[in-house]
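The values are calculated or read from the model by the stated rules, or taken from the named source; none is laboratory data. Note that the coordinates shown come from a computational prediction; the quantities given were computed from them, not determined experimentally. Note: accessible area is taken over every heavy atom of the protein model, side chains too, but ligands, DNA and RNA are not part of it. Shrake-Rupley method; radii C 1.70, N 1.55, O 1.52, S 1.80 Å.
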Amino acid sequence: FLSQEPFCIEALLVVADLLRGQGDHEAYFKLMRRLVYSIECSFEAGFSPFAPSRFGPNPEWPRVGLHLPERGSEEESTWPGWAWLAGLSQYMLALTSRGLHLTAQQVCKLVLAMTLPRDPMHLLICLDALCLRSSRLDFLFRLVRDLVPDLPTPEKGLCRTLDCLLPNFAFSNALALRRKAGSAADSDLAATLNLISVSDVIPPELQASPPPSAASELEPEALPLAALMRALLLFPQVLVPLLEGAAVQMDARPPQGSPYQQVTWRELLTGQPFAGANTYRHKQHYLAYALMSGAYGAICGPLWRGDATLSWLHGAAVRLQQMFGSSLFAQELNDARERWRDATTALDPALQDYSTFNLAEVGPERLLPRVVQQALERPLHEERMASFAAGAAGGDRILPDAAAAVDEDELLRRALEASQREQEASERRRLVEEQDAEYHASLQADRARENGLQPASTDVVDGAEGKVDQFDEEVSQLAAMGFDAAAARSALQACGGNIAAAADRLLA
């Protein structure tokens, strides 16, 4: 099927996933690159996805924004754009697995620019990790501060910064602030913790009375700790999966650098705000927050490993627990948690999409979101299904009724085998052409020696034989796009080596 329609996005998604499941990661990545090339070719030549739209409620928002179908509507399962979004999100994960975090971050930004204020592909759970891994700390800070006010259709909510809205951004923001501060953040942990007050921990919008304008600002080395204690206050359920992701033993001794050596991690979890956290969980989005907390531990847990980072985390958690030991401070902190629990958020449309989030989406399985799976699993058009079955079996055309009766897994297996056979045949043809060229070159050199002449260089051979090796690199690129190697070579010779013109000629 792919040999007939090499740029079909749905087919590329299916076959690429089969290849990844079989462990052929190189072939998988090649198909994902071809998929992205297919998407890119559908754009007009002058289209720039991140250019401002210059119209609408927010003219500075990128012009690539999509009108998604309404959640739960009948149109949602038939919307044709899911394959696009699924292909780009899977390509982002493929880039991440190869360590190309900065490029993966750009792809993630592109998909979010398409879908926000919704997030059906569940990429907000990955963006902060990509910023940390690519060392784009300033960009992470701008996201935390400015993303919600800049949304195309911002919702009204009590909290309008990501460190108060999403658990992964709350903890990643604190970790990024610590990296930004450098060694100053760990110079004297005990003294720095004593600089932090309750008003530094509670976000200003959740305080009973606004802080006075003349209030002194925290020292730079205390800002990361205050941000971490705020994250622990609003999202205490993150601590356990985060420690599991960092490979921490609950009953082990505290990290050496922590000023509270007498408190183990397990003892820490028995006090507020970690004990009884369900009382203050968000009324509307508690399920989404629970799923995102587990995913954050799996994605970013390794970034929190190391005695210095764990000492910093342990010290902040114990210091926050000590604040709850004072009845006056505990009342103020719990009042802020209650206001956060009952508040609407500015990311309600995106958080509603996380009610169906699955941890396997960010695990080795790389499952697609449920809505995308349902859309892509719809029966194919009868004509395409019949052509698919006939091409996979290599026999006569199967009628639509018969095609529907064929097991879908068997069809996919046959399609994969047919694609592999086509690639092997193309490789064999290329090898025969190379051997033939070498033979002719050797024959010409032998004849030259027999006549007492200097043999011609075998690197470049005159005549028709020399043309065989003339466009090897270009032929390889076209073959990677799914074209037959022999046809690609002929097209390149006719077009003087112009790849774009040769591709157009092959597609004509």
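The residues of region 129-208 present an accessible area of 39 Å² per residue when probed at 1.4 Å with all protein chains retained.
Could you work out the relative contact order of region 1-149, using alpha carbon pairs under 8 angstrom and six or more residues apart, expressed as a whole percent?
17
Only Cα pairs under 8 Å and 6+ residues apart enter the sum, and on that basis the relative contact order of region 188-328 stands at 34 percent. Against the criterion of solvent-accessible heavy-atom surface with a 1.4 angstrom probe, Arg118, Arg98, Arg136 sort, most first, into Arg98, Arg136, Arg118. Contact order for region 242-390, expressed relative to its length and based on alpha carbon pairs under 8 Å spaced 6+ residues apart, stands at 29 percent.
Would you mind telling me the share, in percent, of accessible area of region 1-104 contributed by carbon and sulfur at probe 1.4 angstrom?
Details: 2930 of 5550 Å².
Looking at region 1-104 in its full context, I get 53 percent from C and S.
For the set Ser73, Ser183, Ser209, the ranking by accessible area, highest first and with no ligand, DNA or RNA atoms included, is Ser183, Ser209, Ser73 under a 1.4 Å probe. The listed residues Arg253, Arg430, once ranked by accessible area (1.4 Å probe) with the largest placed first, stand as Arg253, Arg430.
When the surface is traced with a 1.4 Å probe over the full set of protein chains, Thr270 keeps roughly 110 Å² accessible.
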